[in-house]
1. Answer yes if at least one residue in segment 170-178 is surrounded by fewer than 15 Cβ atoms within 10 Å (Cβ to Cβ) and either in a strand (DSSP E or B) or not assigned by TED's automatic domain parsing to the domain that holds residue 232 (or both), and no otherwise.
2. Please state which one of 278, 272 is touching a helix residue (DSSP H, G or I) at 6+ places or on another chain (Cβ under 6 Å) and under 21 Å from residue 372 (Cα atoms).
3. For segment 336-345, what are the residues that are surrounded by fewer than 17 Cβ atoms within 10 Å (Cβ to Cβ) and in contact with a helix residue (DSSP H, G or I) (Cβ under 9 Å, 6 or more places away or on another chain)?
4. Go through segment 353-376 and count every residue that is exposed (fewer than 15 other Cβ atoms within 10 Å of the Cβ), under 29 Å from the mean Cα position of the chain (by Cα) and in contact (Cβ under 8 Å) with a residue 24 or more places away in the chain.
5. Filter segment 55-71 down to the residues that are surrounded by fewer than 16 Cβ atoms within 10 Å (Cβ to Cβ) and either farther than 15 Å from residue 38 by Cα or within 20 Å of the chain's Cα centre (by Cα) (or both) and list them by number.
6. Quick check, is residue 33 at pLDDT below 95 and assigned to a loop (DSSP other than H, G, I, E, B)?
């Protein structure tokens, strides 16, 4: 038993080295100089877009590690930002408007308006033809990209202000979250509410459609997130682990894993289908306000209340160690390569054993990575429903 514990310690020690120096490497891209509220990455993974409390939007070049463009975008803090699919074009959201900019231009190319109250959240379809915004007046506004004025403003049933909104990829549905802890799902064309969802104990800070609009993920100031069935309105999964409010969520490109950024200074990585928390990323020393995956889905970027911007990687071994770490430790124990140095054993022989243990560990990682790929195929959202 003690050798199994030793194997686990060895495995954890190796993982710690990876976390700090290699596979879970954390890089400080931009040191804090005022609160950064929002972050996005462009299609080429070469630039970051940052929205700040000081009303500015800035473009950060990942190659030169420098801000290459900055503009005062709104007369109040920028609450969200997004790169367009069109090269060198981006959106900013703040005060009562959505603005479209070209990198290098000091004035916006377009300004979308329609709400009389400051916006609190924003969401756009992948084709960038339709978008919605929530505001402090319990209404959401809907735009078609071809028109600068909002097409309509819809009164929801929330009893308190909305702070989260999302539009489905097919622009047929809108989901909203509010300070009153409720979630509402609306038929965008008919302006009719389909569901009133109640489960969170504190304000709902994030909502997002997933799995081809078959499910919704919500996150809350209660530190938890939930997965909802779009058709029935049933809550089918919970994501637990954060101790303070969730500020941002992001689903990776393959749709199977979820990042949750929190005021507890951490970012959690979750399996959407099973609800398992796979890893906790810890490096921020302030509330994490936003998080975004890179386009490959093997890493992400985050920003915090102090203005720090960080880059993280999500290697395959994060998943291998989570699902097969105990088996790897057991096989290391059986190899007896981790036995304490024997009396009379030459120092170089003992050192060779340690080297062979490292080689075996890497071999086992490769072996169980193949098993993980088979396991990943079973991660189907909605298949594992909570009772």
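The values are calculated or read from the model by the stated rules, or taken from the named source; none is laboratory data. What you see is a predicted model, and the numbers here were worked out from it, not measured in a lab. Heads up, the Cβs are rebuilt from the backbone with ideal geometry, glycines too, and the neighbour counts pull from every protein chain shown.
1. no
2. 278
3. Within segment 336-345, the subset surrounded by fewer than 17 Cβ atoms within 10 Å (Cβ to Cβ) is 336, 339-345.
Of everything in segment 336-345, those that are surrounded by fewer than 17 Cβ atoms within 10 Å (Cβ to Cβ) and in contact with a helix residue (DSSP H, G or I) (Cβ under 9 Å, 6 or more places away or on another chain) turn out to be 336, 339, 340, 341, 342, 345.
4. Residues meeting the conditions: 3.
5. First, the residues of segment 55-71 that are surrounded by fewer than 16 Cβ atoms within 10 Å (Cβ to Cβ): 61, 63-68, 70.
Scanning segment 55-71 gives 61, 63, 64, 65, 66, 67, 68.
6. yes
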